[in-house]
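Asks: Attaching a single structure in C-alpha cells format; questions to follow.
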C-alpha cells in the first residue's frame, strides 16, 4: 500500500435502484409505514451495498484489532499497556465480553494482533503485527508512514478475505490501552476542534485525569502542527494508533469490496472518519450502531451523517456495541424475510400522505 494507490481508490455508490426496491417491499408489509424506523433505511442500505434484495446477512464476522499506544507513558489511562495483551489473550480463548455477545448474535470473532507491544504470540489471535505498539506522540510521531499504510492495507485485506469466505455483514472492534486518547487526537485534528470538546474519561479517569489527558492531546497536536487541512495519513502517523489505521483500512475495504461494515464506538468512528477523508463515499458503506459516551463519538457520527440507533451510554469496547447491532439487524430482517402483506389480511395498505 502506498499513497498513490490510496489516491486511486474509486468508491462506487451502493445500488440506488435496489435501495428503492427494498424500501418499497418494506412499505408493503402489513405494518405502519416507517414502523421499523431507522432499521428500514439500514436494511435497504445493506441490500443496496450487496446489490441484492434478499438481504442475506446470515454469515457475520467481527474483526477486533488489538494494538498498544506509546502515549500511555504520559499517564492518560488507569491501566498499563500489559492489559492489551491480557484482553487479547482472552479473545483468543473465546472468553472476552465480545466473544460471549457475538456467540449470542451468531457471529464469529477474529481478534488480530496488529500492534501489541508484547512480542509473544497469543493462541487464537491472528498475528498481523505491524510494530510493537506506537511511539509516544508527545516525543515523536506515533508511527512511520510505512507502518500506517501497512496497517491500512492489513485492514483492507481482511475485508477481501471475508468477502471471499461468504461473510455478509462485518462488525468492527478494537482493544488497546490509551486508544481513546489517540482516537480523540485524530478526531480533533480531522475536525479542527479543540480536544476539550472531544476528550472523555475513557475507562474511568477522574476529573483531574481528564484534564491531563486533554492537555496531552492538545500538546501533541501543537507539536506536530496538525490542522483540519493536514493530510489524513500524516494525522495517523503523528497521533494515531495502529488499530485506528487498521480499522480505517477495514472501512475502506468495505467500500471497495462492497461489504457493509458496522461502526462500533469512538475508536472505530475516528477510523471511519479517516477512511471517508481518504476516499470520499466510504460513509455509504457504514452501518452505525451506538453512540459511545465519549464526547467525540457524537460529533464524528454527525460529521459522517450517520444516525446510530443505540444510545445507552455504552463504553465496554471490543466491538460489543457493534455486535449488539448485529442482533438488532437480525430482528428487523425477520420482519422482512417472511413478509405478511396487507392483501393477506384483506386490508387497505397505508399510504404516504403529502
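The numbers here are math on the coordinates, done by the rules we state, and not lab data. These numbers were taken from a predicted model, which means no experiment stands behind them. Here the Cβ is made from the backbone with ideal geometry for all residues, glycine too, and neighbour counts use every protein chain on show.
Asks: Name the residue, out of 81, 13, 32, whose mean-square fluctuation peaks in a Gaussian network model built on the chain with Cα pairs under 10 Å.
Replies: 32
Asks: Pop out the Kirkwood hydrodynamic radius of the range 1-66 from its pairwise C-alpha distances, inverse of mean 1/r, in Å to one decimal.
Replies: Roughly 14.1 Å, rounded to one decimal.
Asks: Taking 0.36 nm per residue of sequence separation and subtracting the Cα-Cα distance, how much length would be gained by fully extending the chain between residue 5 and residue 208, in nm to one decimal?
Replies: The residue 5-residue 208 span can extend by a further 68.7 nm.
Asks: Just 208, 147, 174 to compare: in a GNM of the chain, with alpha carbon springs under 10 Å, which one fluctuates most?
Replies: Looking only at 208, 147, 174, the biggest GNM fluctuation is shown by 208.
Asks: With each label point set 7 Å from Cα along the Cα-Cβ vector, what nm distance links residue 78 and residue 196?
Replies: 2.6
Asks: I need the Kirkwood Rh of the range 238-354: take the reciprocal of the average 1/r across all distinct C-alpha pairs and report it in angstrom.
Replies: 15.7
Asks: Related question: What is the distance in Å between the Cα centres of the range 320-347 and the range 9-67?
Replies: For the range 320-347 versus the range 9-67, the Cα centre distance is 12 Å.
Asks: Can you give the convex hull volume of the alpha carbon atoms of the chain per residue, in Å³?
Replies: Cα-based convex hull of the chain, divided per residue, equals 130 Å³.
Asks: Can you tell me the length gained on complete extension of the stretch residue 327 to residue 229, counting 0.36 nm per residue apart and subtracting the Cα distance?
Replies: In short, 31.4 nm is gained.
Asks: Under Stokes-Einstein, with the Kirkwood radius over Cα pairs standing in for Rh, what whole-number D in µm²/s applies to the range 137-199 at 25 °C and 0.890 mPa s?
Replies: Using the Kirkwood radius from Cα pairs, D works out to 172 µm²/s.
Asks: Turning to a different aspect of this structure: For the range 98-231, just the Cα atoms, rotate onto the principal axes and tell me the three extents in Å, largest first.
Replies: Rounded to whole Å, the extents work out to 44, 33, 31 Å.
Asks: Once you have all Cα-Cα distances for the range 104-147, histogram them in 10 Å bins from zero and send the whole-percent values.
Replies: In order of increasing distance, the bins hold 25, 39, 25, 11, 1 percent.
Asks: When the Cα centres of the range 142-160 and the range 179-216 are compared, how far apart do they sit, in Å?
Replies: 24
Asks: Based on the mean of other beta carbon atoms within 10 Å per residue, what is the order of 105-111, 234-240, 135-141, most packed first?
Replies: Top to bottom by mean Cβ count within 10 Å: 234-240, 105-111, 135-141.
Asks: For the range 163-204, how big is Rg over Rh, using alpha carbon atoms and the Kirkwood form of Rh?
Replies: Reported Rg/Rh, Kirkwood definition of Rh: 1.19.
Asks: Now, a different point. Could you work out how much longer the chain between residue 93 and residue 28 gets when fully extended? Use 0.36 nm per residue separation minus the Cα distance between them, nm to one decimal.
Replies: 18.9 nm
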